Amino acid sequence: MRTRLHVLFSPLRLAAFIAAIVIAVVGNVLYINNGGGPDWLGPVSVAPIWACVAWEVATDMKMRRRDRESGGSDS
């Protein structure tokens, strides 16, 4: 468990998540200030957050698979 948490909350992942939040806030502020335009800016501004979440889930699944294959009880 300790190793998994260390990997999932590494400095690189934390920096990517903070950058995704900043992009979402800036994108949404621009979207709101432009009166809801361009239409694509609202949904695109949250794409980096979804990318970070997908990266976390993929890494966690890989680590769980590796734990199962090695017979480890660390979950």
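The values are calculated or read from the model by the stated rules, or taken from the named source; none is laboratory data. Just so you know, these numbers come straight off a predicted model, no measurement behind them. No Cβ is skipped: glycine too gets one built from the backbone with ideal geometry, and neighbour counts run over all protein chains shown. For the accessible areas, the whole protein counts, side chains as well, though only heavy atoms, and no ligand, DNA or RNA atoms are used. Shrake-Rupley method; radii C 1.70, N 1.55, O 1.52, S 1.80 Å.
Below is a table of values for the structure above.
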quantity: All positions within the stretch 34-75 that are more than 15 Å from M1 (Cα to Cα), over 22 Å from the mean Cα position of the chain (by Cα) and either at pLDDT below 90 or among the hydroxyl-bearing types (S, T, Y) (or both); calculated: N34, G35, G36, G37, P38, D39
quantity: Candidate set from the stretch 1-10 (those that are surrounded by fewer than 11 Cβ atoms within 10 Å (Cβ to Cβ) and not aliphatic (A, V, I, L, M)); member that is farthest from the chain's Cα centre (by Cα); calculated: R2
quantity: Cβ pairs under 9 Å, 6+ apart, first in the stretch 40-62 and over 11 Å from A20 (Cβ atoms), second loosely packed, with under 15 Cβ neighbours inside 10 Å; calculated: L41/N28; L41/L30; L41/N34; G42/N28; G42/I32; G42/G36; T59/V7; D60/V7
quantity: Extreme residue, most open to solvent (accessible area, probe 1.4 Å), among residues of the stretch 11-29 that are touching a helix residue (DSSP H, G or I) at 6+ places or on another chain (Cβ under 6 Å) and more than 24 Å from M1 (Cα to Cα); calculated: I23
quantity: Close pairs from the stretch 11-25: first farther than 12 Å from A47 by Cα, partner assigned to a helix (DSSP H, G or I), Cβ under 6 Å, at least 6 apart; calculated: A16/C52
quantity: Selection count where residues are open to solvent by less than 70 Å² (accessible area, probe 1.4 Å) and not in a helix (DSSP H, G or I), scope the stretch 48-75; calculated: 3
quantity: Number of the condition not met by M1 [criteria: (1) touching a residue at least 60 places away in the same chain (Cβ under 8 Å); (2) touching a helix residue (DSSP H, G or I) at 6+ places or on another chain (Cβ under 8 Å)]; calculated: (2)
quantity: Scan of the stretch 30-47 for residues that are open to solvent by less than 60 Å² (accessible area, probe 1.4 Å) and on the phi < 0 side of the Ramachandran plot, ordered by number; calculated: G37, P38, L41, G42, S45, V46, A47
